[in-house]
């Protein structure tokens, strides 16, 4: 059994990842670390973890875990992923891994030197609905792909929330703009050449709160918007010459909508609905990571993939500061 340690008691750890690890068929929650030892002990007890630490350094120095999950604020992801890898631990770090693509290169060097697995936690990479969309597009189910359309939004104006704190890496693009880009790249296997963007900033928070983006992939386009101050919505549509595929809850299936995709024909007169009931993408993610860390050859989201995705986000920020196209 792969022994997991978790750095912090963040909400996503409490509500998503720790339950996923506890239910996994190849892993156990071995330790929780927090700067508040009491919080660490309480969460460890809740999930049956035998060890609790009052600092992240203590957990990394211990021999009771094989790998760690890092759900710290975005601005601390690279720092603690590097420390964990240097300590010989496998690392699953919450997205976005970095705030600049260039920040990932040193982590790749540490990963290779320490001979550990380091992966950004894009849970959609492991959801079977995305494997199916990729298969359908590749097999010509919608003919030539012409346009991908995406949306991801929610409303959050809490000044204490890290998503609204610039110093912690807050903003709509780092938090949710990464999803339409990674989903399009995953499905098509292609990279955008250039982007255009309009970005709106919150004057009080200093974070980006709305972006409208167009990305040129050469033979098709991606257009999407994301916002932290709009009504909650998720959608991804892959539109081809002979049909289109709509993913109704592309990123948080089960929360925003049911796990389902719809394949429509050219005239919109027929539709095939594909459902994935009971799928738990966070559990699939931790199980795949553990198998890969133990030498099972399991595909995981690589740091090289993280660099490519972050390069798109970097280009969107540059494009938002000017008119016209920005090269990726």
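The values are calculated or read from the model by the stated rules, or taken from the named source; none is laboratory data. Note that the coordinates shown come from a computational prediction; the quantities given were computed from them, not determined experimentally. In this analysis, Cβ positions are derived from the backbone assuming ideal geometry, glycine residues included, and neighbour counts consider all displayed protein chains.
Things to note:
- Residues that are part of a loop (DSSP other than H, G, I, E, B) and within 22 Å of the chain's Cα centre (by Cα) within region 102-156 comprise 116, 117, 122, 127, 156, listed in sequence order.
- Residue in region 307-318 that is free of Cβ contacts under 8 Å to residues at least 60 places away in the same chain and touching a strand residue (DSSP E or B) at 6+ places or on another chain (Cβ under 8 Å) present: yes
- Looking only at region 153-168, and only at residues there that are touching a helix residue (DSSP H, G or I) at 6+ places or on another chain (Cβ under 8 Å) and either under 14 Å from residue 208 (Cα atoms) or not assigned by TED's automatic domain parsing to the domain that holds residue 262 (or both), the one that is surrounded by the fewest Cβ atoms within 10 Å (Cβ to Cβ): 167
- Count of residues meeting criterion [over 18 Å from residue 252 (Cβ atoms) and buried (at least 19 other Cβ atoms within 10 Å of the Cβ)] in region 4-25: 8
- Qualifying position, being surrounded by fewer than 18 Cβ atoms within 10 Å (Cβ to Cβ), closer than 23 Å to residue 55 by Cα and at pLDDT 95 or above, among 105, 138, 87, 98: 87
- Some residue of region 294-306 being in contact with a strand residue (DSSP E or B) (Cβ under 9 Å, 6 or more places away or on another chain) and farther than 24 Å from residue 109 by Cα: no
- Close contacts from region 240-256, counting a first residue that is crowded, with 21+ Cβ neighbours inside 10 Å and a second that is part of a loop (DSSP other than H, G, I, E, B) and modelled with pLDDT under 90, with Cβ to Cβ under 8 Å and a gap of 6+ residues or different chains, come to 253/259.
- Some residue of region 193-209 being crowded, with 19+ Cβ neighbours inside 10 Å, part of a strand (DSSP E or B) and without any contact (Cβ under 8 Å) to a residue 40 or more places away in the chain: yes
- Selection status of residue 180, in contact (Cβ under 8 Å) with a residue 24 or more places away in the chain and touching a strand residue (DSSP E or B) at 6+ places or on another chain (Cβ under 8 Å): yes
- Residue within region 26-38 that is under 24 Å from the mean Cα position of the chain (by Cα) and surrounded by fewer than 21 Cβ atoms within 10 Å (Cβ to Cβ) present: yes
- A single member of 52, 10, 42, 20 is within 23 Å of residue 95 (Cβ to Cβ) and modelled with pLDDT of 95 or more, and it is 20.
- Selection status of residue 215, assigned to a strand (DSSP E or B) and either surrounded by 17 or more Cβ atoms within 10 Å (Cβ to Cβ) or at pLDDT 95 or above (or both): yes
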